[in-house]
Structure formats: C-alpha cells, structure tokens
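Any read-out appearing in this document is the output of simple, stated calculations on the displayed coordinates, not a laboratory observation. Since this is a predicted model, take the numbers as computed values, not measurements. Reconstructed Cβ throughout: ideal geometry from the backbone, glycine too, with neighbour counts over all protein chains shown.
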Amino acid sequence: MESNIRNSDPVRTDQTLPPPVSSFSESMVCDTNKRSSEVLRAKVVDSFTHEPLDLVRVGFTIPDQDECEMGVTDDSGELDKSYPEVYGGMMSFMKEDYLTSFYPIDTYDLPPSQNLIGYAVADIKEPVIELHKLKPINVTVQKKRISKCIIPLECFYTVGAIGLIPYKDITCKEAERRCFFDSKDSNTLFNSNPASSGPTSGSSGLFELPDHLLRKQVNDSLTKYNDYYFSETETSLSDDEDVLVVLRKVSDLNNGPMTEDQTIPIFINGPRSTEVKLVPGIYAVDAMLTLKKEINIATEERSVAFTIITWEKDFRYTLNGSKLEKFISGSLKWDEPKYYFEITPEELYTSDQLTFYVPSYAIEDVPLQVEVSSWECAAVVFGYPAAGCREKSVKVNGRLMEDLMMMTDMSQISKEKRKSLDPLWN
C-alpha cells in the first residue's frame, strides 16, 4: 500500500502545493561584505599568442562551503578584486573555447605585496594566468605492420621392428624459412629463404628482412620457430578495421597552471579521420586496433617427440582450433613518463592534422596451413633422406594458438618502437 502525505494530511486531487521554501537563496560567505582580503590582480592571457583575454569568468572556491562568482576580466585581461579570507582557496578561470584553469591560493593574512596572481611566463614581465585554447584537429590512424616468418620441422620417421609400434625413431631438423609479408612491407623473398637456426635481421639471401622483434618457440609443434618482424612502412586502415585512441592529459607543459582533467576518446573506422579538440600538454596514450574479420586457427596435432632430437615413441595430442569473429590486431600503450606524448603549442596551433601509428600483427597474411616434407624410412637415417626413405607432404599450421599471445606482447612492442611510432603533425 502506498501513501502520499503533505503537511500531515492526505494529498487531495484538487490540492495546489506551495513552492518549496529554502532557508536562504545563496551562501552568505560570498557576500560582498565578507570579501576582506587585499585587492588581488589577475591577468589572463592566451598561452600561445600571449594576448590578453577578456570576458574570462573568474570564480573562487571556498573549501567545503561554496563557490563565489568574482567577475569577468576586462579588455586588458585583468580583474582586480578582494576575496573572502580563507586557507585552501581555489581560483578558477573559464572562457568559451578554452580549457578551464585553476590557481590555488591562501587569501587569509595575505601580505600586501603579494597582490599579483599568476605564474612566471617567458617574454611577459609580470605573473599571468595562461589559458589553453581548444584547437580543432583532424586525427587519423595508420598502422605499421608486424609480419611473421616460420621455420617448420622436417621429420624422419624410422619404421620399427615391433609391429605394434608404428615408429621406432623420430628425427627432426629445421626446414626452410617461410615468410609472409605484404609487398609494401619489404623487398623480401616472400615464400621461403634458406634455413636458419635463429632469427634473421638484415641480410637474408638476396633481400632484407624488416627489424626482428621476437621469437616464439613452440616445442611440441611442427611449426616450431615463429619469428615476428616490424615494418617501418605506413599502411592505411581498411574498412574492416576500427581503432580507439584514448588521450589522457597527465600534466601541463613546464609545470604550468593546473587545468581541468581531460580524457579524450577518439574512435575511427578505416582510413577516415575524425575531429577532436586538443590543448598543449603531456599525455598518456592508449590505443586498440580491431580487425572485424573472421580469423581461424586450424586444429593441430602436436607431439612431445618434436621437443628433442630423437624419440622412440610418438606421443601425440590434439590442440583444438579456434574461430574468432574479430581479432585485436594491434595496441599501443604509452603509460609511463618516458613514453608520454608531448603536445607543444607550436605543433598544435600551426597544424591541421595529427596522425597516430599503431603496431598491427598482420595475422590475415599468414596462411592457415603450409606444406612441408616428411620422410618415412626403413632404416635409421640421420639428418638427410637416404635409400629406403619415402618423401611425403604434410600440412603444418601457419597460424598457431600462440599467435594470440601477441596481444600481450604488443604493449611492450609499442614502447620499444616508441620512436618509430611517434605521431606526425601536418
């Protein structure tokens, strides 16, 4: 049962309620007769042009009590006022199309000589308050591809004398390197290079590989060695790719004025751009690139026999495949001071476009499976096929479940390649 009561009586349908009564309409602490400090002068200027700003609304926050409207600046960007005497006061400076700035100040028992509010700024003789103008900038994102090479195993299976054991001995060696690069990434031999016992950086046959990033060694897989390479070539996003870039302003330049918190999410689809409003400052940057395309990883039969050079029995197990509706192909994480992105006034206010670069693992360029040679031998053979061995072709995975772990490595890659991924102003 619901009851609705006004003034200790039930509410009638024809009753008109009086307006609510408040004890006072505004805080008394902001009254003019409470402003007993010395006259303080604030001069507000544009942070880039250093021109004075008029019609800047100046407020004064009294801790745990109220915020007082102190007035607006004149044509000279100045406002002279007395303030309530408090400890822990905070002045605020607000103007349309500018980022709000703050200035902490104790107005209680303020020395008469300390009547100028602001910070020291180069080329300006007296202390001032700087406001950063919000600058519209077209932001676009391009990717720098991470490609893959594999060195699969070529194995020799020797038929045993005991009929119940199909293989008595397994001996494996490295097969030829297979690389999967886009033609724009490098003048690389695309299908195969001479076998190598380790990752190659620089010369590889007649051509040159991009910079080597890391190697994933998967012992139980015939696709044992997986090398990943970083290309400096810039590539536009496709319509199947979305990217979210988040800029978080962590501080002002040169320990300047306190400003309101600013976190800017930027969502872009494909090769397009979007407009955002930025101010100078130092920013932490996060980005995530998503490929909106089905990515499959085939079921794979693995064996502990591939882990060592020889093994009497072939202990196999099946690793189920995976079907992903979309794939997080790239990320960028600059969340430490040495990786922060600095936006200077000179760069921002003289540019129209800003391009970010995100490392992206090109998993779609890696085939689901590739063919390698396998040998069945009637006698023990070490290293190379001989009489009594029969060659056959087997399929090994190009894409592995371990490729999904690249997403955990991508943040560190974005830091190691910070210089190569530095955003570009136009």
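What the table below lists for this structure:
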{"item": "Per-residue HN-Hα couplings for region 336-352 [Karplus 6.51, -1.76, 1.60; θ = phi - 60°; Hz; x = Gly/Pro]", "result": "10, x, 6, 10, 4, 9, 9, 9, 8, x, 5, 6, 5, 7, 10, 10, 10"}
{"item": "Peptides ranked, highest mean first, by Cβ atoms within 10 Å: ranges 62-71, 317-326", "result": "62-71, 317-326"}
{"item": "Net length gained if the chain between Glu325 and Met401 were fully extended (0.36 nm per residue, minus Cα distance)", "result": "25.8 nm"}
{"item": "Dipole of region 26-133 [Lys/Arg +1, Asp/Glu -1 at C-beta], most positive-end residue of Phe60, Leu99, Ala122", "result": "Ala122"}
{"item": "Packing rank of 290-296, 363-369, 135-141, where each peptide gets the mean count of other beta carbons within 10 Å, highest leading", "result": "135-141, 363-369, 290-296"}
{"item": "Amide H within-cut-off set for Tyr98, under 5 Å, with H built and near neighbours excluded", "result": "Leu134"}
{"item": "Cα centroid of region 213-264 to Cα centroid of region 314-369, whole Å", "result": "4 Å"}
{"item": "Neighbourhood charge, 11 Å Cβ-Cβ cut-off, centred on Glu126 and excluding it, Lys, Arg +1 and Asp, Glu -1", "result": "+2"}
{"item": "Spacing of the two label points (7 Å from each Cα toward its C-beta) at Lys292 and Gln369, in nm", "result": "3.2 nm"}
{"item": "Under Karplus coefficients 6.51, -1.76 and 1.60, residue-wise ³J(HN,Hα) of region 96-101 in Hz, glycine/proline x", "result": "4, 6, 10, 7, 5, 10"}
{"item": "For Glu85, residues with placed amide H under 5 Å, excluding near neighbours", "result": "Ser36, Ser37"}
{"item": "FRET efficiency, 1/(1 + (r/R0)^6) with R0 25 Å, evaluated for Thr263 and Gln65 via beta carbons", "result": "0.30"}
{"item": "R0 of 51 Å, Cβ-Cβ distance Gln114-Ile5: FRET efficiency to nearest 0.05", "result": "0.35"}
{"item": "Length gained when the stretch Tyr87-Val304 is fully extended (0.36 nm per residue, less Cα-Cα span)", "result": "71.0 nm"}
{"item": "Relative contact order computed over region 33-112 (Cα-Cα under 8 Å; 6+ residues apart), in percent", "result": "32 percent"}
{"item": "Separation of the Leu214 and Arg12 label points, Cα + 7 Å toward Cβ, nm", "result": "7.8 nm"}
{"item": "Spin-label model distance (nm) - Ser76 vs Lys173, 7 Å beyond Cα toward Cβ", "result": "8.9 nm"}
